[in-house]
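This report refers to the structure that appears directly beneath it.
The values are calculated or read from the model by the stated rules, or taken from the named source; none is laboratory data. Just so we're clear, the structure is a prediction, and the values are computed from it rather than from any experiment. Cβ sites come from the backbone with ideal geometry, for glycine too, and all protein chains shown count toward neighbours. SASA here: full protein model, heavy atoms, side chains in, ligands and nucleic acids out. Shrake-Rupley method; radii C 1.70, N 1.55, O 1.52, S 1.80 Å.
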Amino acid sequence: MNGLLWPQRAGDSAAVASRARERSRGRGEPAPARDYWPTEGWRVSAPEEQGMDAGRLFAMRRHIEGELLHVRSVLIARHGYLVYEAYAGESDPDALEGLHSMTKSVTSALIGIALKEGYLDALDQRVMALFPEYAALDTDRRIEEITIEHLLTMTSGLVWHDEYLHGWLSSDDPARFTLKRPIAGEPGAGFNYNSSAVHLLSVILTRSTGTSALDFADEHLFGPLGISERQWMADSRGHHIGAGGLFLRPRDMAKFGYLYLNQGEWAERQIVPPDFVRASTRAQNAGGAPENERYGYLWWVTTVEGHAAYFAGGYGGQFIYVVPDLDAVVV
């Protein structure tokens, strides 16, 4: 792996300031004031300057090189500075990497932004009201009870099996394919991981905003964060896949995690509403497979070594972890 060239220590004063920031950060408290925003790029710091043990990071690197040969990149940002960055194989800082289901967390952010901007009325908006052409589908009437919030929490009740994946993606109308699935339980009653139901949120974004999910993201999310290199796969009808298919650079994935670490604020601008960020990153239900953790609004909620944390998770080991009381993001 090609690690960063860490700068020399700037002196004891920076280390003292780092420890003071850590002590002042309680669980659930707002992020501390930032001395810069990484819109134009991350600033690099020695791990010790941000209260981290460089020896343990070196041991982690040795473990990855020896035991985790599938790992392509690892980045750690603490107190707003990149303290570790390494790449392996064909990956490098400029490589676009597939987020897979981490895309879901980005879709969640776009729904929060659409609410803030007035394109959506509320989370309890009924999904079928946004798909009037499917009202005549011969299906369970409980489908009328499904709301946007149910899609965000994976509690729509719509049945999903892995064998549906090919039929859904190859369908000439993926939204109709999803809404014709059986309903296994009352909407809101239980968690059932369902990628096709999340994709409905991308279609809803386009119908509500009059633009594609990608164009909406470029204007309201990626643009403000300084993310210019991105790709997003679309379905047969041109809707960007809300459940997957997004490609970003690892440093930009870290920016997205940092946005949430800062309660949706970026460069003194509120990108995602703070109450939506808090609701997204606290347990809305008990969750389940594939991560077997609690679930928020398309974010997984967990505890790591006693620290409350949340993460975006994608197939094959793609993760953006946010640990608020350590003021840290790990990709």
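For the chain, what is the calculated [θ] at 222 nm in deg cm²/dmol (nearest 500), taking -39500 (n - 2.57) for each run of four or more DSSP H residues and dividing by its residue count?
On the way: 10 runs with 98 residues, N = 331.
For the chain, the value works out to -8500 deg cm²/dmol.
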> For segment 110-126, in order, what is each residue's ³J(HN,Hα) by Karplus, 6.51 cos²θ - 1.76 cosθ + 1.60 with θ = phi - 60°, in whole Hz (x at glycine and Pro)?
Replying inline: 5, 5, x, 5, 4, 5, 4, 7, x, 7, 10, 7, 6, 5, 8, 4, 6
>> Using only alpha-carbon positions, what ratio does the radius of gyration of segment 218-277 give when scaled by 2.2 N^0.38 Å?
In response: 1.21
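Over segment 86-221, consider all pairs of different Cα atoms and compute the Kirkwood hydrodynamic radius from their mean reciprocal separation; express it in Å, one decimal.
On the way: mean 1/r = 0.0626 Å⁻¹.
By the Kirkwood definition, the hydrodynamic radius is 16.0 Å.
Please compute the net charge surrounding T147, taking Lys and Arg as +1 and Asp and Glu as -1 over other residues with Cβ under 14 Å from its Cβ. Please list the in-between numbers first.
Working: positive: R126, R142; negative: D121, D124, E144, E145, E149, E186.
Net charge around T147: -4.
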> Taking a probe of 1.4 angstrom, what is the accessible area of F256 in Å², to the nearest 10?
Replying inline: 10
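Compute the relative contact order of the chain as a whole-number percentage, counting only Cα pairs closer than 8 Å that sit 6 or more residues apart in sequence. Walk me through the intermediate numbers first.
Values: 603 pairs, mean separation 72.0, N = 331.
Relative contact order, the chain: 22 percent.
Rank by packing, highest mean first: peptides 261-273, 202-214, with packing defined as the count of other Cβ atoms within 10 Å averaged across residues.
202-214, 261-273
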> How much of the accessible area of the chain, probe 1.4 Å, is carbon plus sulfur, in whole percent?
Replying inline: 49
>> Rounded to two decimals, what is the ratio between the C-alpha radius of gyration of segment 240-331 and 2.2 N^0.38 Å?
In response: 1.05
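Using the reciprocal of the averaged 1/r over all distinct C-alpha pairs, how large is the Kirkwood radius of the chain in Å?
Values: mean 1/r = 0.0485 Å⁻¹.
One over the average 1/r among Cα pairs gives 20.6 Å for the chain.
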> Expressed as cubic angstrom per residue, what is the convex hull volume of the alpha carbon set of segment 186-225?
Replying inline: 102
> Protein chains only, probe 1.4 Å: how do R294, R282 rank by accessible area, largest first?
Replying inline: R282, R294
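Using the Cα atoms as the points, what is the convex hull volume per residue of segment 143-295 in Å³? Write down the numbers at each step before the final one.
Numbers: hull volume 19.0 nm³, N = 153.
Once divided by residue count, the hull of segment 143-295 is 124 Å³.
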>> Please list, in order along segment 90-105, the HN-Hα scalar couplings obtained from phi with the Karplus expression 6.51 cos²θ - 1.76 cosθ + 1.60 (θ = phi - 60°), rounded to whole Hz, x for Gly and Pro.
In response: 8, 7, 7, x, 9, 6, 7, 10, x, 7, 6, 6, 4, 3, 4, 5
>> Is the C-alpha gyration tensor of segment 33-102 telling us rounded, prolate or oblate? Criteria: a/c under 1.5 is rounded; beyond that, a/b larger than b/c is prolate, otherwise oblate.
In response: oblate
>> With a 1.4 Å probe and all protein chains left in place, how much accessible area per residue does the chain have, in Å²?
In response: 44
